[in-house]
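Before any comments, here is the structure.
Just so it is clear, none of the values below were taken in a lab; they were calculated from the coordinates. Just so it is clear, the model here is predicted, and its values are computed rather than measured. Please note: Cβ atoms are built from the backbone with ideal geometry, for glycine as well, and neighbour counts cover all protein chains shown.
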Amino acid sequence: MTRLTGAERAAYVQSMFARIAGKYDLMNRLMTGGQDIRWRKILLQVAAAPRGGSLLDLGTGTGDIAAQALQNDPTLTSVGGDFTLEMMRVGKADSTRRAIRFAGTDALNLPFPEDTFDAVTSGYLMRNVIDVRRAWAEQYRVLKPGGRVVCLDTTPPPKNLLWPFIHFHLHVVIPMLGRLIAGNSEAYTYLPDSTENFLPAEGLAGRMAEAGFKNVQFQRLMFGTMAIHWGRKGSTDLAD
């Protein structure tokens, strides 16, 4: 699965998320002990979209982040983009998420003009794209000068004293939950595999800087298995 590359990997990821769309949010809550809700709130605080501004949430899935953004600020234009239509259909079926502007979106070729959004966010997107550099470049392009990009994703866990417990959770507990709850252990075998084979937090921050983002920072979460990355489009003298 993680050995796949290019269009073949993109097709696999799209098909996988389509199969688990109905249980995706529940599985996120179970795998993280509900902490993903708190992390998304932190992500939006860091994004700091201005009141009445515009936010693009990429890899939006069912629209968790886009919905929380609107709950925080109903005057916001909240766009949720994803290339798995089944995930967005689940979100659109939720009456509390009707104000989200869902859009079929390829993270490598965003259908938006330059300098469109005050903030660009993503949750568990970047380890699934087939070209991290291109994805960051596209987010930079559609972000307004001075706007922030914020990314929440898994990151390879450190090999410390907690490693055996983390490895057990990733490779035993999560696939078991996937089989019992989502009826798909394969998808939840992909998750730990893709996590361990993804860029370390420092590497992902480096790719952000390469794309032109300034003031790039990150914060590790959940024993180093998650990280929030953020950066700004503009000069380094802008306040962070």
What FRET efficiency comes out for residue 185 versus residue 223 if R0 is 25 angstrom and r is the Cβ-Cβ distance? Round to the nearest 0.05.
0.60
FRET efficiency (residue 89, residue 197; Cβ distance; R0 41 Å; to 0.05) is 0.90
In this structure, the FRET efficiency calculated for residue 134 and residue 72 from their beta-carbon separation, with R0 = 35 Å, to the nearest 0.05, is 0.70
Helix check for the chain. Which DSSP H runs span at least 20 Å along their own axis by Cα, with a mean Kyte-Doolittle hydropathy no less than -1.0?
6-20
Relative to a virtual label point 7 Å from the Cα of residue 26 in the Cα→beta-carbon direction, which members of the range 85-122 show backbone nitrogen distances below 15 Å?
90-91
Which of the lysines could a cross-linker span from residue 41 if the Cα-Cα distance has to be under 20 Å and same-chain partners fewer than 8 positions apart are dropped?
none
What percent do you get for the relative contact order of the chain when only Cα pairs under 8 Å and 6+ apart count?
20
As a test, work out the antiparallel percent of DSSP beta bridges whose residues both lie in the range 45-187, rounded to the nearest 5.
5
Value at 222 nm in deg cm²/dmol, rounded to 500, when DSSP H runs of n ≥ 4 in the chain each add -39,500 (n - 2.57):
-11500 deg cm²/dmol
Rounded to whole Hz, the Karplus (6.51, -1.76, 1.60) HN-Hα couplings of the range 97-112, x for glycine and proline:
10, 5, 7, 5, 9, 6, 8, x, 9, 8, 4, 8, 8, 5, x, 10
What relative contact order, as a whole-number percentage, does the range 138-202 give when Cα pairs under 8 Å and 6 or more residues apart are counted?
36
Ranked on Cβ counts within 10 Å of their own Cβ, fewest leading, 214, 23 go 214, 23
